[in-house]
Amino acid sequence: MADGFDIHLNEEQAQRLKAAAEAAGVDPAAYALDVLEQALEISAVRGVREYPAKWAAEDEARWAEYERTGEFITLEEFLQPFEALFAGPKSKA
């Protein structure tokens, strides 16, 4: 079992990490650890072949709500938070 290790970031990566951490109001090292933990959780979920029960329950609830109201959001509306996440922090120019 590994005791841990250091990760080297190039200058551009370090600048991006610092900017993201500042935007979140946290220390860059703490921010990096949190992002890494989230990535590890996501990769663990991807490794599971069964659809998690909580996701199935959420799908069923959303479908029932749609059948009841007929209301929905467009794909563009759904994707906005993801696009913002991938776009990164906005310049304050």
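A cut-off under 15 angstrom between Cβ atoms defines the neighbours of Val26, and their net charge, with Lys, Arg +1 and Asp, Glu -1, is -2. Can you give the FRET efficiency to the nearest 0.05 for Asp59 and Glu37, using r as the Cβ-Cβ distance and R₀ = 35 Å? FRET efficiency, Asp59 to Glu37: 0.85. Modelled spin-label separation between Ala24 and Asp3, with each label point placed 7 Å from Cα along the Cα-to-Cβ direction: 2.8 nm. Among 20-26, 35-41, the peptide with the highest mean count of other Cβ atoms within 10 Å heads the list, and the full ranking is 20-26, 35-41. Per-residue 3J(HN,Hα) values for segment 16-26, derived from phi via the Karplus relation 6.51 cos²θ - 1.76 cosθ + 1.60 with θ = phi - 60°, read 5, 4, 4, 5, 5, 5, 4, 4, 7, x, 10 Hz in sequence order (x marks Gly and Pro).
Where a number appears in this text, it was derived from the coordinates with a stated rule and is not lab data. Everything numeric here is computed off the predicted structure, so don't read it as measured data. Using ideal geometry, Cβ is built from the backbone for each residue, glycine included, and neighbour counts are taken over all protein chains shown.
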